[in-house]
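Working notes, structure below.
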Amino acid sequence: AYERRFPTCPLIPMFVASDTVSEYKSEDESIHVIERRCKLDIDAPRLLKKIAGVDYVYFVQKNSLNRRERTLHIEAYNETFSNRVIINEHCSYTVHPDNEDWTCFEQSASLDIKSFFGFESTVEKIAMKQYTSNIKKGKEIIEYYLKQLEEEGITFVPRWTPPVACQLESSTSHARRPVSPAITIPDSATKEGLSNKEILNTSSSPVEPTAGTPDDKLDADYIKRYLGDLTPMQESCLIRLRQWLQETHKGKIPKDEHILRFLRARDFNIDKAREILCQSLTWRKQHQVDYILDTWNPPQVLQDYYAGGWHHHDKDGRPLYVLRLGQMDTKGLVRALGEEALLRYVLSINEEGLRRCEENTKVFGRPISSWTCLVDLEGLNMRHLWRPGVKALLRIIEVVEANYPETLGRLLILRAPRVFPVLWTLVSPFIDDNTRKKFLIYAGNDYQGPGGLLDYIDKEIIPDFLGGECMCEVPEGGLVPKSLYRTAEELENEDIKLWTETIYQSASVFKGAPHEVLIQIVDASSVITWDFDVCKGDIVFNIFHSKRAPQPPKKDSLGAHSITSPGGNNVQLIDKVWQLGRDYSMVESPLICKEGESVQGSHVTRWPGFYILQWKFHSMPACATTNLPRVDDVLASLQVSSHKCKVMYYTEVIGSEDFRGSMTSLESSHSGFSQLSAATTSSSQSHSSSMISR
């Protein structure tokens, strides 16, 4: 069907003609490679064509068909203006690894405009427009030719088989090989379609088994045991999203169960699921959520007065969390701890819930990916509607909804009083529709009747305060003593401390006062690695080298800037009398980083000495034709209060022989997660594909 679009295709008006440049066929007819020169009539302004001096653009396309492996790879690049513009495109048709009746199609392309008579931006827009329209039309064209083949009676093409002579030759060559020691080939390897060579390589070295998480294939037993019922399409979405994460994500890859939660939350729309998952992974890394259970101990106030805790499991095997909200002094907890401490405690509860789901999956032998929450509202009154307390509750709901989708299996709300509708009106707009469907609300003692608590929880584990026989160890709550209340300043400092008690350090960057970190290198060819998040404002990241050590930093409060405030430290190492090029040198090109971006990278040192990592305030450039700033620049500068930026960073020095990173320059150090929805950058370099938009 694909070959039918040549030498020209009426469904692609811009595709005028094509000529065969070269063609190769293997003796056994398993390989067929054909190279064509294609003539395109690009939809571009007439003036641009006149300036460029061309009416048509020529591309070279190479199609490689491998009947043995059942793949078709298509490569294309531009011949016209190749010294000014570089375009590369790659497409592939392959057999789906899990269903031989399906065909996988992947497409990616890159565009690099070096110069084009001052029309770089225009050319970029034209190229992206043409490429986007081609992607949309690609499926329509292939379906058109498939239908054409069916009308001609061609509905099946027999699979390629090697000629008899080749089979005999292959069998005799096998007979002459030395006998290898017997090895055990796992079933998953043969199901995944690995070649003999790959199986031998896999078996020759010991590999740590991953508990129930195959890399390339989801077999039926694994799905049934750990994931639950999945349609073939849902399974395909999971495999594609996981593979994309493995190829692009530099940090910890979430487990299949967690990826599946985000897919379910977006009805298996892979683009939407990828967007929220990437935002969540960036958030988890920035706040070190993966380590919260191991590194953070809740304050004693929470342990004494937060009336919530885990209590056995429901009839479906889900972990059961009991919250006696009516007995909890929300105002007292907020005044004593602050919003951030409460949020962190709720996050630790959710992390514990994920851990318990994994444990229950092992205990009950079936997938359990969510928990049940029982909320007792006995005692709820107007004091629970204290505005800062409701504000804190809404923020907690917002964070949990964004980062723990599909973790709530059922919410049982018991003994709802008359004031509950008021609270529900405030809270419900912030709760996802799918989550709201899981709410069951009982007024008074209705939970004791038919359709009540006994339908969901075994009688033996109903808590004693609800009339059951099981002693519940959840704290009873009560009023928080006012002696434990904290001032707003104390709470603000404590909030900052909460989010900086990690391997990451926090720093403030001001206009005229960059933050600098000194790293001494003894052995050349060491590797300096960094990982930082731009929490506020825009910054410029630099790396410098000096043969002599800078003077120890002075404790300088810089007056109004309050450099030494708990909001983040600020250290300046480069002396004002130092001159660039004489006293120190720049070893990498400056990198502009926008607010919200996550940046990772590394630098291989060429000389011993002192290296300085610098985060510098990025000033908006003025308009090129006038000294006056643009309106957009003024508005942007107003958003950065007091010309202050904030970064959270982590650096490490490792020997080159131990380095396993893939990034060796600043240009490759941007994380894809922070720019998934970003517009095309002004550097006239664009990358586009059907899998990721950047």
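Remarks
- Qualifying residue in the range 86-94 (condition: surrounded by 14 or more Cβ atoms within 10 Å (Cβ to Cβ), of a type in the set (Phe, Trp, Tyr), assigned by the TED database to the domain that holds Ser121 and assigned to a loop (DSSP other than H, G, I, E, B)): no
- Among residues of the range 37-58, those that are in contact with a Phe, Trp or Tyr (Cβ under 7 Å, 6 or more places away or on another chain) and at pLDDT 75 or above, counted: 5
- Test: residue in the range 73-96 that is farther than 30 Å from Ala220 by Cα, over 38 Å from the mean Cα position of the chain (by Cα) and not β-branched (Val, Ile, Thr): no
- Whichever residue in the range 1-38 is out of contact with any helix residue (DSSP H, G or I) (no Cβ under 9 Å at 6 or more places or on another chain) and acidic (Asp, Glu) and, among such residues, is least open to solvent (accessible area, probe 1.4 Å): Glu35
- The range 204-236, subset closer than 22 Å to Glu359 by Cβ and of a type in the set (S, T, N, Q), residue modelled with the lowest pLDDT: Thr210
- All helices (runs of 4 or more DSSP H) inside the range 243-317 with 1 or more residues being among the hydroxyl-bearing types (Ser, Thr, Tyr) and open to solvent by less than 20 Å² (accessible area, probe 1.4 Å): 270-286
- Residue among Gly332, Gly353, Gly317 that is in contact with a Pro (Cβ under 9 Å, 6 or more places away or on another chain), at pLDDT 90 or above and not hydrophobic (A, V, I, L, M, F, W, C): Gly353
- Condition check for His73: closer than 19 Å to Gln107 by Cβ and either among the aliphatic types (A, V, I, L, M) or modelled with pLDDT of 90 or more (or both): yes
- Residue match in the range 364-372 (condition: part of a helix (DSSP H, G or I) and either under 20 Å from Glu257 (Cα atoms) or touching a residue at least 40 places away in the same chain (Cβ under 8 Å) (or both)): yes
- Residue in the range 521-535 that is small (Gly, Ala, Ser), in a strand (DSSP E or B) and either at pLDDT 85 or above or surrounded by fewer than 18 Cβ atoms within 10 Å (Cβ to Cβ) (or both) present: no
- Restricting Glu69, Glu124 to residues that are touching a residue at least 12 places away in the same chain (Cβ under 8 Å), surrounded by 13 or more Cβ atoms within 10 Å (Cβ to Cβ) and not in a strand (DSSP E or B) narrows the list to Glu124.
- Scan the range 233-242 for residues that are touching a helix residue (DSSP H, G or I) at 6+ places or on another chain (Cβ under 7 Å) and open to solvent by 60 Å² or more (accessible area, probe 1.4 Å) and the total you get is 1.
- Boolean, Tyr145 is under 21 Å from Ala76 (Cβ atoms), of a type in the set (Phe, Trp, Tyr), in the same structural domain as Gln61 (by the TED database) and modelled with pLDDT of 85 or more: yes
- Scanning the range 489-505 finds one or more residues that are in contact with a strand residue (DSSP E or B) (Cβ under 8 Å, 6 or more places away or on another chain), at pLDDT 60 or above and surrounded by 15 or more Cβ atoms within 10 Å (Cβ to Cβ).
- Within the range 426-475, being closer than 28 Å to Glu398 by Cα and open to solvent by 60 Å² or more (accessible area, probe 1.4 Å) holds for Leu426, Pro429, Phe430, Asp433, Arg436, Lys437, Ile441.
- Checked against the criterion of being modelled with pLDDT under 90 and of a type outside the set (S, T, N, Q), the candidates Leu347, Leu337 yield just one match: Leu337.
- Each residue in the range 99-121 was checked for being closer than 30 Å to Thr231 by Cβ and buried (at least 17 other Cβ atoms within 10 Å of the Cβ), and 1 of them qualify.
Condition check ((1) out of contact with any Leu (no Cβ under 9 Å at 6 or more places or on another chain); (2) of a type in the set (Asp, Glu)) across all residues:
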| site | (1), (2) |
| --- | --- |
| Asp271 | yes, yes |
| Trp283 | yes, no |
| Tyr291 | yes, no |
| Ala307 | no, no |
| His311 | no, no |
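- Taking residues in the range 14-41 that are under 27 Å from Arg159 (Cβ atoms), and partners anywhere that are assigned to a loop (DSSP other than H, G, I, E, B) and charged (D, E, K, R), the pairs with Cβ atoms closer than 8 Å and at least 6 places apart or on different chains are Glu29/Arg67; Ser30/Arg67; Ser30/Arg68; Ile31/Arg67; Ile31/Arg68; His32/Arg67.
- Screening Glu476 on (1) modelled with pLDDT of 80 or more; (2) touching a Pro at 6+ places or on another chain (Cβ under 7 Å) shows it passes everything except condition (2).
- Taking the conditions (1) among the aliphatic types (A, V, I, L, M); (2) over 35 Å from the mean Cα position of the chain (by Cα); (3) modelled with pLDDT of 75 or more in turn, Leu628 satisfies each one other than (3).
The values are calculated or read from the model by the stated rules, or taken from the named source; none is laboratory data. Keep in mind the model is a prediction, meaning the values are calculated, not measured. Please note: Cβ atoms are built from the backbone with ideal geometry, for glycine as well, and neighbour counts cover all protein chains shown. These area figures cover heavy atoms from the full protein model, side chains too; ligands, DNA and RNA do not enter into them. Shrake-Rupley method; radii C 1.70, N 1.55, O 1.52, S 1.80 Å.
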